[in-house]
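Asks: Right, I'll just put the structure down here and ask away after.
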Amino acid sequence: METDKKFSYFFLGLGIGVAVGILFAPKSGAETRELLKEKADEGKEYLKRRSQELRDSAAEAIERGKQAVVRQKEVLAAAVEAGRAAYREKTEAAAAAPPADDVAQGI
């Protein structure tokens, strides 16, 4: 029985709300629909513009990342080559020098 009263009050409130909404609506239905359509179009254009900006900034970030990787690769290659050159110099110098035992014995 109490549930019946709750439903009655709900529908009464719903009816009053609809009546007040119709009485105090600032624009006609056609005007309101046009306004909603315009706002939806504005929102759609905004989303298109923002998504394009995000795509562009993501592409720029990816490109900067690629450039950083290339630079680091070049630095690493130069360091490896410098290490190889230093190793070659030391091995060539060691091969050209007399053995340490011969020098100590005066041969």
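The values are calculated or read from the model by the stated rules, or taken from the named source; none is laboratory data. Predicted model, so just to flag it, every value in this text is computed and none were measured. Methodologically, a virtual Cβ is constructed for each residue, glycine included, from the backbone with ideal geometry; neighbour enumeration extends over all protein chains shown. Ligands, DNA and RNA are stripped out before the accessible areas are found, and what is left, the full protein with its side chains, is counted by its heavy atoms. Shrake-Rupley method; radii C 1.70, N 1.55, O 1.52, S 1.80 Å.
Asks: Tell me, what % of the accessible area of the stretch 47-91 is carbon and sulfur with a 1.4 angstrom probe?
Replies: About 61 percent, which is the carbon plus sulfur part of the accessible surface.
Asks: Among 57, 93, 40, whose Cα projects farthest towards the positive end of the dipole of the chain, with charges put on the beta-carbon of Lys, Arg (+1) and Asp, Glu (-1)?
Replies: Of the candidates, 40 comes out farthest on the positive side.
Asks: Let me ask something else about it. Work out the FRET efficiency for residue 92 and residue 56 from their Cβ-Cβ distance, taking R0 = 35 Å, and round it to the nearest 0.05.
Replies: That pair, residue 92 with residue 56, gives E of 0.05.
Asks: Hey, what's the stretch 3-62 come to in accessible area per residue, 1.4 Å probe, Å²?
Replies: Ligands and nucleic acids excluded, the figure is 90 Å² per residue.
Asks: Could you calculate the contour length gain from residue 31 to residue 78, that is, 0.36 nm times the residue separation minus the distance between their Cα atoms, to one decimal place in nm?
Replies: 9.9 nm
Asks: Go ahead and estimate [θ] at 222 nm for the chain from helices alone: -39,500 (n - 2.57) per DSSP H run with n ≥ 4, summed, over the residue count, rounded to 500.
Replies: After summing the helix terms and dividing by the residues of the chain, the value is -32500 deg cm²/dmol.
Asks: Right, another one. Counting Lys and Arg as +1 and Asp and Glu as -1, each charge on the Cβ, what is the dipole of the chain about the Cα centre in debye, to the nearest 20?
Replies: 580 debye
Asks: Just checking my list (i) -0.73, -0.79, -1.08; (ii) -0.49, -0.56, -1.01; (iii) -0.83, -0.86, -1.05 against log10 I(q)/I(0) by the Debye sum over Cα atoms at q = 0.12, 0.13, 0.19 Å⁻¹ computed from this structure; which label fits?
Replies: Among (i) -0.73, -0.79, -1.08; (ii) -0.49, -0.56, -1.01; (iii) -0.83, -0.86, -1.05, the one calculated here is (iii).
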